[in-house]
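For reference, the structure is listed below as structure tokens.
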Amino acid sequence: MKRARALLAGWLVAASFAACDKTPPPVSLPVTPPAEIPISGAAVPGMESYDQTITEFMRKFAIPGGAVAVMRDGKLIYARGFGYADVEAKAPVQPNALLRIASVSKPITAAAIMTLMEEGKLHLDDRVAPLIAHLTPAPGATVDPRWEQITIRHLLNHAGGWDRTKPNGGFDPIDRPAIAAAAVNAPAPASGETLIRYMKGMPLDFNPGERFAYSNFGYIILGRVIERVSGMRYEEYVRARVLQPVGATRTRQGRSRMSDAHPEEVKYYSPLDPGLGMTAPLVPSVFPGEGTVPINYGGFHLEVSDASGAWVSSTVDLLRFLAGVDGRATRPDILSAGLVAEMTSTGPTVCASGACFYGLGWFVRPTHGDANWWHGGSLPGTTAMRVRSYDNVSMVGLFNARSLTPNSEPALEAALWSALAGVTSIPTHDLFSTFQ
């Protein structure tokens, strides 16, 4: 027991770099925390700190439901569901429930790029322009010549040249599904190919490779690169070459409309809705002719974010994936040791202290001769976080609501680390075989 406490006390709390995927319109409705938070899945003696810390996190941010799982030395030692997958039906979240994972998708896309490198079909410093030359801009549009400088590495590092936070005109093209489609005379809402054609007619915000600026669009381009090089649809390639080999067979692309949700997928909520129902906020649908819809279901075009933020997964599947790319010997990796090192050894600085950087699909903080890796994600209706500790522990939390004021994404990361520090004994069991 004392040894476990001493070991856990040594794990560092990694500062989060919040990178919210979508920003909903401002609302001023009161927050109503859930009255009760049921917990599903087997209790784990010594890990009660997760039960307590996660329910406190959910109450603070009025989040109806979610799931958390923990892996140590390649073994799944904790997996529980919290709260409600369907508030109206009082259906509890199961430990292996499916949820949208938002930008926690990006390491999956990065791993797919790395498998193409493993096969010798792609290199980090390959120029992107020749691979998407068939996606032509609107007639008469002027293409910024700096497009020719953009490489695969730049896109993975969020250094391609687009800055959605630029004052007086910065934007994320995924927020312009109708504008982009109209600009190139394509069907609305815009596809990934349509966004690329539209953006080819826009000037870059900085020279490629010059600095970090978080870019969903860069990862959407990477999805098209995977398709072009592999000859397969993005989802098909990723599932065949990345997810199935590690046993993450339930992970799949999400859909915008509630009617298209996958079996075992939770419902998504606004924590600012006083009833935690589906009535607010209502926004115009991105699908022409569908009127107003809850922002979580059709208020943004999830499908266009396929390689950037559209995967639906479970906490257990995400740990299976992480175990396959983490450089640990406890479970087989799908990438060579050299590529794992390449993925996480260097990148543009993202912390004010200079102590962490963005590698190839991961935020990375070197420490204790190794590193903590993490990636968060959020959408209206989603807060997600995945962490890989330098000391052989990995954690995933997925939830079916988010708040921006205060921000639930870094708070989730802090909650996971806090819960880990409170563990009093470490189980030896492995729960992976008990879940699909």
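The values are calculated or read from the model by the stated rules, or taken from the named source; none is laboratory data. Given the structure is predicted, the values throughout are model-derived calculations rather than measurements. Backbone-built Cβ (ideal geometry, glycine too); neighbour counts: all protein chains shown.
Okay, residues lined up against (1) outside the structural domain of VAL246 (by TED's automatic domain parsing); (2) in contact with a Lys or Arg (Cβ under 8 Å, 6 or more places away or on another chain); (3) buried (at least 16 other Cβ atoms within 10 Å of the Cβ):
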{"position": "GLU56", "(1), (2), (3)": "no, no, no"}
{"position": "VAL68", "(1), (2), (3)": "no, yes, yes"}
{"position": "LYS75", "(1), (2), (3)": "no, no, yes"}
{"position": "PRO92", "(1), (2), (3)": "no, no, yes"}
{"position": "ALA97", "(1), (2), (3)": "no, no, yes"}
{"position": "HIS123", "(1), (2), (3)": "yes, no, no"}
Per the list (1) within 30 Å of SER191 (Cβ to Cβ); (2) modelled with pLDDT of 95 or more; (3) not in a helix (DSSP H, G or I), residue check on PRO139 breaks on (2)
Within region 182-197, restricting to residues that are in a helix (DSSP H, G or I), in contact with a helix residue (DSSP H, G or I) (Cβ under 8 Å, 6 or more places away or on another chain) and small (Gly, Ala, Ser), the one that is farthest from THR142 (Cα to Cα) is GLY192
Would a scan of region 209-223 turn up a residue that is surrounded by 18 or more Cβ atoms within 10 Å (Cβ to Cβ), within 22 Å of the chain's Cα centre (by Cα) and of a type in the set (Lys, Arg)? no
By residue number, the members of region 198-216 that are of a type outside the set (A, V, I, L, M, F, W, C) and either out of contact with any helix residue (DSSP H, G or I) (no Cβ under 8 Å at 6 or more places or on another chain) or not in a helix (DSSP H, G or I) (or both) are LYS200, GLY201, PRO203, ASP205, ASN207, PRO208, GLY209, GLU210, ARG211, TYR214, SER215
Condition set in contact with a Phe, Trp or Tyr (Cβ under 8 Å, 6 or more places away or on another chain) and in a strand (DSSP E or B), scope region 366-375, selection surrounded by the fewest Cβ atoms within 10 Å (Cβ to Cβ): answer is ASP370
Per the list (1) assigned to a helix (DSSP H, G or I); (2) in contact (Cβ under 8 Å) with a residue 60 or more places away in the chain; (3) β-branched (Val, Ile, Thr), residue check on ILE179 breaks on (2)
Just one listed residue, out of LYS90, LYS121, LYS75, is within 24 Å of the chain's Cα centre (by Cα) and either at pLDDT 95 or above or not β-branched (Val, Ile, Thr) (or both), and it is LYS75
Margin query: Among the residues in region 392-403, are any touching a Phe, Trp or Tyr at 6+ places or on another chain (Cβ under 7 Å), part of a loop (DSSP other than H, G, I, E, B) and modelled with pLDDT of 95 or more?
Written below: yes
By residue number, the members of region 217-240 that are under 22 Å from ASP317 (Cβ atoms) and part of a helix (DSSP H, G or I) are TYR219, LEU222, GLY223, ILE226, SER230, TYR234, GLU235, GLU236, TYR237, VAL238, ARG239, ALA240
In the set HIS429, HIS368, the lone residue that is more than 15 Å from the chain's Cα centre (by Cα) and closer than 29 Å to GLU342 by Cβ is HIS368
Out of (1) on the phi > 0 side of the Ramachandran plot; (2) crowded, with 21+ Cβ neighbours inside 10 Å, the one GLY169 does not meet is (2)
